[in-house]
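All remarks here apply to the structure that follows.
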Amino acid sequence: MEWRGRRGSGNIEDRRGSSVGRKAGIGGVGAVLILIVGLFLGVDVSPLLQGGSVVETGAPAELTAQDREAGQFVSVTLADTEEVWTDVFRDQLGAAYQPPVLVLFKGATASPCGGASGATGPFYCPIDRKVYLDTDFFTTMERQLGASGDFASAYVVAHEVGHHVQNELGILGKTTQLRRQVSQADSNAISVMVELQADCLAGIWARQADASFGSIEPGDLEEALVAARQIGDDTLQRNAGQRPMPHTFTHGTSEQRMRWFAIGLQSGNIADCDTFAAERL
């Protein structure tokens, strides 16, 4: 992916110059709200429920040259999503797109949806309309998940921005409410539809980014597909030494994640990413 020297986004909130030290307690209604949102987003909320939320304090964290380059890469990728979705919303929906803010952090930080840390992975919080990302996750993808390459990392950013697109379309609010009314198994099934749709939206971004910027190089799309495969629920469970249990899946199988990314890539149309009406996930 050709990204160096290109325009970055102004919607980056870089918290990597802060360190995390103490916790602030949360109880009552706040704890219930955090639990519900955490279950929906797949966020690790245990630090919040076991003594409080993480707040930033103490000495600044030291940024390496790799950290700075990763931040620049994310900024350029986010800028690309802004241009792509502005065009897609205008052309396909006749609507204006309001981009999210992307929070870069190192180690841990706080969000209205729960604590963000290396254990949570990247996530989108609809409460403050922000994407949270520790760029060390890119290293985890490469070393532990076998998903390397800058376009694999760009796919992760595009997937989380896909959740913001869902929020802009009013999908997240509806699915959140529905998940609170059904069984755990049905809630998981809805979560899979949400995640696969975000994969499809990431495919739309990849298609449009190539057409608009010519930034995709040979092998890039394969990197994204490898990343999608490696973070499928069945693959993750197998790699953890477990037997895949479909009723516990919350993001979809490797085959599903790759296929829905490909659907968005080939189509470019939001309407074709309707996983909720699909005969086959």
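Would you calculate the separation in nanometres between label points at LYS174 and ALA278, each defined as 7 Å from the Cα along the Cα-to-beta-carbon direction?
Result: 1.7 nm between the two label points.
List GLU223, GLU195 from most exposed to least, where exposure is judged by having the fewest other Cβ atoms within 10 Å.
Details: GLU223 20, GLU195 24.
With the fewest neighbours first, GLU223, GLU195 line up as GLU223, GLU195.
Hey, fewest Cβ within 10 Å first, where do ARG243, ARG229, ARG129, ARG90 land in order? Kindly include the intermediate steps, with their values, before the conclusion.
Working: ARG243 7, ARG229 19, ARG129 15, ARG90 12.
In order of increasing Cβ crowding within 10 Å: ARG243, ARG90, ARG129, ARG229.
Of HIS164, HIS247, how do they rank once you tally other Cβ atoms within 10 Å and put the fewest first?
Working: HIS164 26, HIS247 10.
If I rank by nearby Cβ atoms, fewest first, I get HIS247, HIS164.
Rule-based calculations on the coordinates, nothing more; no lab input. Given the structure is predicted, the values throughout are model-derived calculations rather than measurements. Ideal geometry is used to build each Cβ from the backbone, glycine not excepted, and the neighbour counts take in all protein chains shown.
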